[in-house]
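The values are calculated or read from the model by the stated rules, or taken from the named source; none is laboratory data. The structure presented is a predicted model; accordingly, all values stated were derived computationally and were not measured. Here Cβ is always computed from backbone atoms with ideal geometry, including for glycine, and neighbour counts include all displayed protein chains. Note: areas computed on protein heavy atoms with side chains; ligands, DNA, RNA excluded. Shrake-Rupley method; radii C 1.70, N 1.55, O 1.52, S 1.80 Å.
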Amino acid sequence: MITQFFYRALGAKLYWVVGLLLLAAVLVPASNLLLSVGHPLRVPNYMVALMGKYLTYAMLALALDLVWGYVGILSLGHGAFFALGGYAMGMYLMRQIGARGVYGNAELPDFMVFLNWSELPWYWWGFENFWFAMLMVMVVPGLLAFVFGWFAFRSRVTGVYLSIITQAMTYALMLAFFRNDMGFGGNNGLTDFREIVGYSIQAPGTRAALFAATAIALALSFVICSAITRSKLGKIMVAVRDAESRTRFIGYRPEYVKLFAFVVSAIIAGIAGALYVPQVGIINPGEFAPANSIEIVVWAAVGGRGTLVGPIIGAIIVNYAKTWFTAAYPDLWLFALGGLFVAVTLFLPKGIVGTIGGYFDDRRELKAARASETPPDLPVVRPDKPQVRRPPTPDASPQPAE
């Protein structure tokens, strides 16, 4: 049953997305590890980590598209779920340092020793185990999304008011995590990671494995989101987006549909954050900044919301442009980002993928309309029946007098 559910999730046009991601999960690590330095086809070490970061951003944009593109929830706080997943992974990585830290304390991270903490806080318990940390990567963002959505959606908060509340949520978390007494490293955050599951985090093999894991996680997330949106539940989600009051009138509970999509989206965002931290090497409260969440919306809008593929493409394109702009013209990046968003809003309201898909849909409909046009009625000739020639009808018009 589960196999059939996922088989139906991938239409014929979407197989190439998963196939391309799985192919990248094999070819990029193989190119980095097997080809010699200087080979024209070798992917450098820094590029493996950079591409892995792009894929985590694509996964985050996909999570936002599930709630914005299909349920109509414009969340300006998805950066909070991303950061919480990153902090859960960062706590595990900090516990792996042990006595190799600057202060040599096997139990407390360096920043706690520096701040004169006497014992490990209770919410750090269990993070020395990888399985527990991975569980918290999903549970913490999912639980926050469930509690937030339970009160917001049952109160029927919608539209711009809901967007403002989500932005306030991530801003409040940012202020809280900046405090040193929270036990998460304060302004500096968590960094100086050494190992993950017993392997050096700086080793090329570990970097390649993290990239492969990110590509596979993105492919799996894409399959799950596609399965949800192509199911009966997905049709109800679109109905809630387009006509919530009518959906409620015919007997559905829109708040439960919204809550389900919001929690699933938060879990995907948390997993993306967990994969982001070991590849970047740091997690700090700046990830909670509302500007980061607004940037996620730009990724989805550029690629095309409500398409699943579009946000992935939009995240990769925008972040590649950000990498190039911040290196070549660092002072112009914010202007370029704002201009890109205005241009997409004015000229490509459906995004890149939505516009291209709409063009081909219009051509397909025009071709079908031309094919359905019937030719004019012609006389039917029956070979088994002789045709009788009738004499021409005399002209009834008056003849001139001789």
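Rounded to the nearest 500, the helix-only mean residue ellipticity at 222 nm of the chain stands at -22000 deg cm²/dmol, with each DSSP H run of n ≥ 4 adding -39,500 (n - 2.57). Per residue, the solvent-accessible area of the chain (1.4 Å probe, heavy atoms of protein chains only, all protein chains present) comes to 56 Å².
Eigen-decomposition of the gyration tensor built on the alpha-carbon atoms of the chain gives equivalent ellipsoid semi-axes of 56, 26, 20 angstrom, largest listed first.
The protection proxy used here, the mean number of other Cβ atoms lying within 10 Å of each residue, ranks peptides 358-367, 192-201 as follows, highest first: 192-201, 358-367.
Summing +1 for each Lys or Arg and -1 for each Asp or Glu among the other residues whose beta-carbon sits under 10 angstrom from that of Glu107 gives -1.
Modelled label positions at Val102 and Arg248, each set 7 Å beyond Cα in the direction of Cβ, lie 5.5 nm from each other. Available extension along the chain between Leu33 and Leu175 is 46.9 nm, counting 0.36 nm per residue and deducting the alpha carbon span. Close amide-amide hydrogen proximity is noted between Ile196 and Ile201, each under 5 Å apart and 5 or more residues distant or on a separate chain (H modeled in the peptide plane; Pro and chain starts excluded).
Counting Cα-Cα pairs of the stretch 259-370 in 10 Å increments starting at 0 gives whole-percent bin shares of 12, 34, 33, 14, 5, 1. Between Thr158 and Ser118, the contour length at 0.36 nm per residue exceeds the Cα-Cα span by 9.8 nm.
For Tyr199, neighbours were defined as the other residues whose beta-carbon sits under 15 Å from its Cβ, and their charges (Lys and Arg +1, Asp and Glu -1) total +2.
Computed over protein heavy atoms with a 1.4 Å probe, the carbon and sulfur contribution to the accessible area of the chain reaches 66%. Taking 0.36 nm per residue of separation and subtracting the current Cα-Cα distance, fully stretching the chain between Asn129 and Ser231 would add 33.1 nm.
Taken as Cα centroids, the stretch 97-157 and the stretch 26-65 sit 29 Å apart, rounded to the nearest whole angstrom.
Each Lys or Arg adds one and each Asp or Glu subtracts one; over the other residues with Cβ under 15 Å from the Cβ of Asn45, this totals +3. Here is what passes the span test in the chain: the DSSP H helices with alpha carbon length of 27 Å or more along the helix axis and a Kyte-Doolittle mean of 0.0 or above are 15-34, 45-68, 130-154, 159-177, 204-229, 254-280, 309-328.
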